[in-house]
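These notes are about the structure you will find just below.
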Amino acid sequence: MSVRPGRLAQLDVLRGIAVFGILLVNIWGFAWGTLSLRYGTLPASAPWLDQAAIFLVAAFADFKFYPIFAFLFGAGFALHTRSLRQQLGSWQAAQTAYQRRLRWLLLIGLLHGFLIWSGDVLSSYALGGMLILSLASARLGRIRNLAWLLAGGFLLFMALLYPASPGMTEIDTSRQLQEFAGRYAIYTEGGLLAVAALRVRDYAMQMLFVIVMLPHVIVLFSLGILSVRLGWLTEPRRHRHVWRRVLAVGLGLGLPFNLLAATVLLQQTIDPYQTNYNSTLFELLLYAGGPLLAAGYVAALMLAGPALMAALARWLAPVGRMALSNYLAQSLLGTFLLQGWGLAWGARLRPIEMLALALAIMVAQIVISRCWLARFRQGPVEALWRRLAR
């Protein structure tokens with residue numbers, strides 16, 4: 001399948017990769033919730049395949065693909081507002097038109113969070129997008145300065161947050177584990193109303209977390225805008241020297257850290273009472289370490305040769321062109337399969353089976369996306385969003 005004229009194959013491929021990477025992380029949240037232990041708990045005697053599944057997701061997916069998605073949102077913002085400006089004749093008109101898109105995206109995100117799954121990111125992207133509307137016509141220097149200012153402020157906030165975090169005693173950990181077990185039982189065995197009530201509470205807490213995370217998200221948006229404005233994303237072959245440096249830093253620093261962080265997360269999953277590693281510290285550091293490895297992933301794709309890019313585009317670009325539809329479909333299908341109001345598989349699937357389920361959904365979405373786009377120009381939710389935002 002060829003990419004539509006005017007579209008950038010590398011961006012569609014990246015979106016497809018990001019959607020699938022997010023599923024690798026979200027599949028656990030459909031069963032365990034978003035405010036609990038990320039991968040549940042495992043006995044020390046758990047089969048090595050189960051431990052390997054958690055380790056691989058933690059090392060190579062967790063905190064890596066939502067930064068790519070946010071980065072691409074910023075890139076899409078730059079490309080779309082530039083196109084709107086050419087169509088409408090002024091930046092003010094372009095920003096007004098794009099704001100309509102963001103308002104509808106916010107509504108879609110709120111419906112997703114309250115009615116399907118509490119881990120929604122669309123609402124945070126919509127809110128962040130509203131805050132950066134003026135960047136559509138801003139000079140590069142202003143965008144750079146904003147990115148540095150917000151990144152520095154966010155990292156300083158996280159550094160100050162760590163000493164202020166209360167230490168966890170065994171009693172605290174035991175209480176949290178009991179709460180976690182109760183939430184897991186509701187999500188995987190509860191009826192429709194019980195799951196819905198817990199989901200609404202979780203999403204309300206998630207929205208409070210979003211407010212804290214907005215500076216982090218806007219930094220990623222800004223990097224996406226800069227990458228388009230400087231041509232790094234739109235003409236990657238002309239900027240191979242840039243992407244080689246990003247690859248070296250992203251893999252050189254990001255890979256060792258994320259392997260260590262995955263070891264800590266696996267240890268916490270097997271023994272929540274462990275004190276060998278400071279899990280809270282590693283959780284905070286992932287906000288920097290995760291995006292570093294994500295940058296390495298983006299750079300690797302930008303440096304891919306024409307033959308590899310063509311092969312990836314054939315299978316992943318359709319998924320990326322329907323990123324919004326596929327993201328929402330993953331939530332609907334995942335919650336139905338794993339939660340108590342549906343088939344309740346989450347109560348009995350092992351970690352390796354959870355990972356296999358995610359891979360099966362990916363294969364299905366590749367096939368469906370290719371078939372859908374063979375007949376239609378856009379995914380169903382993308383078409384609805386475009387019509388509503390006119």
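Considering only protein heavy atoms and a probe of 1.4 Å, how much of the accessible area of the chain is carbon and sulfur, as a whole percent?
On the way: 12020 of 18090 Å².
The value for the chain is 66 percent carbon and sulfur by accessible area.
Compute, for region 80-145, the length of the dipole vector about the Cα centre, with Cβ point charges of +1 (Lys, Arg) and -1 (Asp, Glu) only. Units Debye, rounded to 20. Show your work: numbers first, answer last.
Working: 8 positive and 1 negative charges, 76 e Å.
Dipole of region 80-145, to the nearest 20 debye: 360 debye.
Under 18 Å from a point placed 7 Å out from the Cα of D172 along the Cα-to-Cβ direction: which residues of region 272-302 have their backbone N that close?
Counting only backbone N, you get 272-285.
Give me the mean projected area, in nm² to one decimal, of the convex hull enclosing the Cα positions of the chain. If you can, show how the numbers build up before the last one.
Numbers: hull surface 75.7 nm².
It is 18.9 nm².
Sorting L333, L301, L24, L156 by accessible area (1.4 Å probe), largest first, what list results? Before the final figure, lay out the partial values.
Working: L333 75, L301 10, L24 35, L156 105 Å².
Solvent-accessible surface, decreasing: L156, L333, L24, L301.
Heavy-atom accessible area per residue, region 179-247, 1.4 Å probe: how many Å²? Let's see the in-between values first.
Numbers: 3360 Å² over 69 residues.
Result: 49 Å² of accessible area for each residue.
Given the options S123, S45, S222, state which has the largest fluctuation in a GNM of the chain using a 10 Å cut-off (strictly under) for Cα springs.
S45
Give, in nm to one decimal, the length gained when the segment between T96 and S45 is fully stretched (0.36 nm per residue of separation minus the Cα-Cα distance).
Numbers: separation 51, 0.36 × 51 = 18.36 nm, distance 5.76 nm.
That works out to 12.6 nm of additional length.
How big, in percent, is the set of alpha carbon pairs in region 33-143 lying more than 19 Å apart?
Details: 3639 of 6105 pairs.
Percent of Cα pairs beyond 19 Å in region 33-143: 60.
Between A181 and F376, what is the spin-label point distance in nm, taking each point 7 Å from the Cα along the Cα→C-beta axis?
4.6
How much length is gained if the chain between T275 and L115 is pulled fully straight, taking 0.36 nm per residue apart and subtracting their Cα-Cα distance, in nm to one decimal? Present the calculation step by step, with values, prior to reporting the outcome.
On the way: separation 160, 0.36 × 160 = 57.60 nm, distance 3.80 nm.
Between T275 and L115, full extension yields an extra 53.8 nm.
Pop a pseudo-label 7 angstrom from the Cα along the beta-carbon direction at both A360 and V249 and give the gap in nm to one decimal.
4.2
Could you work out how far the C-alpha centroid of region 357-378 sits from that of region 110-189, in angstrom?
30
Cα extents of region 127-204 along the three principal axes, largest first, in whole Å?
53, 35, 14
Where does each of E189, E179 land when they are ordered by accessible area, with a 1.4 Å probe and the largest first?
On the way: E189 130, E179 105 Å².
In descending accessible area the options line up as E189, E179.
On average, how much accessible surface per residue is there in region 302-390, in Å², for a 1.4 Å probe, leaving out ligands, DNA and RNA? Intermediate values should be presented prior to the final figure.
On the way: 4330 Å² over 89 residues.
It amounts to 49 Å² per residue over region 302-390.
The values are calculated or read from the model by the stated rules, or taken from the named source; none is laboratory data. Just so it is clear, the structure is predicted and the values come from calculations on it, not from any experiment. For neighbour counting, all protein chains shown are included, and Cβ atoms are generated from backbone atoms with ideal geometry for every residue, glycine included. These accessible areas exclude ligands, DNA and RNA; they are computed on the full protein's heavy atoms, side chains included. Shrake-Rupley method; radii C 1.70, N 1.55, O 1.52, S 1.80 Å.
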